[in-house]
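> Sharing a structure below in structure tokens format, with a few things to ask.
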Protein chains: 2
Amino acid sequence: MPQSIFEPVYKEIFPFWNEISEEDKKFICQNSHAVTYSKGKNIHDGNECSGVILVRSGSLRLYMMSDEGKDITLYRLHNGDMCMLSASCVLQTITFDVFIDAEEDSKCYVINGSAFAAISQCHPSIKIFALETAVSRFSDVMWVMQQILFMSMDKRLAIFLSDESARTGSDTITLTHEQIARYMGSAREVVSRMLKYFSNEGIVEVSRKGIKILDKKRLRKLAL
Amino acid sequence: MPQSIFEPVYKEIFPFWNEISEEDKKFICQNSHAVTYSKGKNIHDGNECSGVILVRSGSLRLYMMSDEGKDITLYRLHNGDMCMLSASCVLQTITFDVFIDAEEDSKCYVINGSAFAAISQCHPSIKIFALETAVSRFSDVMWVMQQILFMSMDKRLAIFLSDESARTGSDTITLTHEQIARYMGSAREVVSRMLKYFSNEGIVEVSRKGIKILDKKRLRKLAL
């Protein structure tokens, strides 16, 4: 049966799976396909409907892009994460353009957008799942925006880490997030979250031993 | 009966109204109150749960604010508009802080947040309505962000209008949006939408005769 590879995964991922009929399950599976995107491949480009993407392995990067090609990472998707913003035909109220690239070779399951839209019309629980998936990313995106727009927290943290590294002559900064926050006149949560963002970007590595600078060039660029 | 003032309005505004029982209708009405906010009043301040706000008259401004008090207008709410972002207890996936002020004396109906959350748990259609209301604003917010972050379209348009006004010696710019877009190397829709944003902010007045500059001081500040 064609649905056999998808079914065990969907059963785990979709909170609505046990509420829908066998026929509907089959419909979703028949409209699914498994894809492997090679590293660097652009998967979604603006406002088309690329379907609902479920990441099985690897990493996808979701970003906004300006006409001049400047881009800002909004968030990344890893194993088990789901992308609804790529399925503009499911959520018609989403009218802005995002781009998605595979950052590593990534195995994904993709559900056809119009099939998913059709089935979500019949099942409120599917619709709720789709909307909640989108809304939960709204907060992530707002956070990134707020930091960049207002506080230039990315810049301020980059400056702090560069200065501290130069001062101590070491690539590893051994201060706690709490201490960094106090030095910068910010809050611990803000520093932790921005460090996580830097770490996802491959700029630093955060461990118990401290913050290790991995990409000095990008850190310096951010500090400009 | 206490629900009498709310019922006719809710019947019109809420797509789910006819699907719920009389008892549930009564519950929503009993947890509603009518408020008039005076011009300039701060209604919602960060991440508290101020309830679901329905605007009956006047105008509310929703904005983000930095620690230094700098703010960015995300959008405005007028008669018939509904604010879900003020009800963080209804949509728990929304974790960012917004602020809401009354820009004019504004009559609103406010539904208690936890009451609305409780009833939306029982009715998928209410939950879908709440989520869709939030998601539809996501696109507005992303648009504002994108323009400001990337293109500095606010700045570029402000510069263009100031220069054009100085050049012609007139406060009214008689070019079409299409023409302005061509001069600026942008798209007509982008120019029209940004002019609407300026016009909502009281910086310009857009009419058939052209674009009239109302607030030169703010336009000059934006152009810096």
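> Select the helices (runs of 4 or more DSSP H) contained entirely in the range B:158-224, then report the ones holding at least 2 residues which are of a type in the set (Asp, Glu). Reasoning before the result, please.
Working: elements: B:177-184, B:188-200, B:216-223.
Filter on the range B:158-224 gives an empty set.
> What residue, among those in the range A:1-17 that are outside any helix (DSSP H, G or I) and touching a residue at least 60 places away in the same chain (Cβ under 8 Å), is most open to solvent (accessible area, probe 1.4 Å)? Even if it seems obvious, please write down each step before you answer.
In the first step, residues of the range A:1-17 are kept if they are outside any helix (DSSP H, G or I); the result is A:1, A:6, A:14-16.
Remaining after also requiring touching a residue at least 60 places away in the same chain (Cβ under 8 Å): A:6, A:14-16.
Values: A:Phe6: 9, A:Phe14: 6, A:Pro15: 91, A:Phe16: 2 Å².
Only one residue fits best here, namely A:Pro15.
> What about A:Gly51, is it modelled with pLDDT under 85, at positive phi and either away from every other protein chain (no Cβ under 14 Å) or open to solvent by 20 Å² or more (accessible area, probe 1.4 Å) (or both)? First the steps, then the outcome.
Values: modelled with pLDDT under 85: no; at positive phi: yes; either away from every other protein chain (no Cβ under 14 Å) or open to solvent by 20 Å² or more (accessible area, probe 1.4 Å) (or both): yes.
For A:Gly51, the condition - modelled with pLDDT under 85, at positive phi and either away from every other protein chain (no Cβ under 14 Å) or open to solvent by 20 Å² or more (accessible area, probe 1.4 Å) (or both) - is not met.
Residues are listed down the side, and each one gets a yes or a no for (1) crowded, with 16+ Cβ neighbours inside 10 Å; (2) more than 22 Å from B:Asp140 (Cβ to Cβ); (3) of a type in the set (Val, Ile, Thr):
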site	(1), (2), (3)
B:Glu19	no, yes, no
B:Asp24	yes, yes, no
B:Cys29	yes, yes, no
B:Ser38	no, yes, no
B:Ile43	yes, no, yes
B:Ser59	yes, no, no
B:Phe96	yes, no, no
B:Ile100	yes, no, yes
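> Another one. How about the range A:85-117: which of its residues are out of contact with any helix residue (DSSP H, G or I) (no Cβ under 9 Å at 6 or more places or on another chain) and part of a strand (DSSP E or B)?
The answer is A:Phe99, A:Ile100, A:Asp101, A:Ala102, A:Ser106, A:Lys107, A:Cys108, A:Val110.
> Any residue in the range A:118-135 that is closer than 19 Å to B:Ser139 by Cβ, touching a helix residue (DSSP H, G or I) at 6+ places or on another chain (Cβ under 7 Å) and surrounded by fewer than 16 Cβ atoms within 10 Å (Cβ to Cβ)?
Within the range A:118-135 (the criterion being closer than 19 Å to B:Ser139 by Cβ, touching a helix residue (DSSP H, G or I) at 6+ places or on another chain (Cβ under 7 Å) and surrounded by fewer than 16 Cβ atoms within 10 Å (Cβ to Cβ)), the answer is no, since none of the residues qualifies.
> Evaluate the range B:115-137: report whether one residue or more is of a type in the set (A, V, I, L, M, F, W, C) and modelled with pLDDT under 85.
Checked the range B:115-137: no residue is of a type in the set (A, V, I, L, M, F, W, C) and modelled with pLDDT under 85.
> Let me ask you something else. Take the residues in the range A:115-137 that are among the small types (Gly, Ala, Ser) and farther than 15 Å from A:Ile94 by Cα; name whichever of them is nearest to the other protein chains (Cβ to nearest Cβ).
So the residue we want is A:Ser125.
> Please verify whether the range B:158-177 includes one or more residues that are under 29 Å from A:Trp143 (Cα atoms), surrounded by 15 or more Cβ atoms within 10 Å (Cβ to Cβ), more than 10 Å from chain A (Cβ to nearest Cβ) and among the polar types (S, T, N, Q).
Scanning the range B:158-177 turns up no residue that is under 29 Å from A:Trp143 (Cα atoms), surrounded by 15 or more Cβ atoms within 10 Å (Cβ to Cβ), more than 10 Å from chain A (Cβ to nearest Cβ) and among the polar types (S, T, N, Q).
The values are calculated or read from the model by the stated rules, or taken from the named source; none is laboratory data. Not measured: the values here are computed from a predicted model. Using ideal geometry, Cβ is built from the backbone for each residue, glycine included, and neighbour counts are taken over all protein chains shown. Remember, those area values only see protein heavy atoms, side chains included, never the ligands or the DNA or RNA. Shrake-Rupley method; radii C 1.70, N 1.55, O 1.52, S 1.80 Å.
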